[in-house]
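The values are calculated or read from the model by the stated rules, or taken from the named source; none is laboratory data. None of these values were measured; they are calculated from a predicted model. Ideal geometry is used to build each Cβ from the backbone, glycine not excepted, and the neighbour counts take in all protein chains shown.
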Amino acid sequence: MGLRVGSGTVESGCKQIGTQRLKVAGARWGSEGIRKTAKARAALRSGQWDSVTAHLSGLVLAV
């Protein structure tokens, strides 16, 4: 059927997120921050950002 069954693509994606997105100069990450960042990015990239963040409309978020 021509389907890719190897894990190389997934492993490459994980490596890119871990090294390119999180390892920026001066950044310090804990496991909780990494988890939240990955979930936020997944919501954004999957087109679910608005539905995921709809309940936050009345909150003030610290930057």
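Take residue 28 and tell me if it is at pLDDT 85 or above and among the charged types (D, E, K, R).
So residue 28 does not fit the description; no.
Go through the stretch 1-52 and give me each residue that's touching a residue at least 24 places away in the same chain (Cβ under 8 Å) and touching a Leu at 6+ places or on another chain (Cβ under 6 Å).
Hits for the stretch 1-52: nothing passes.
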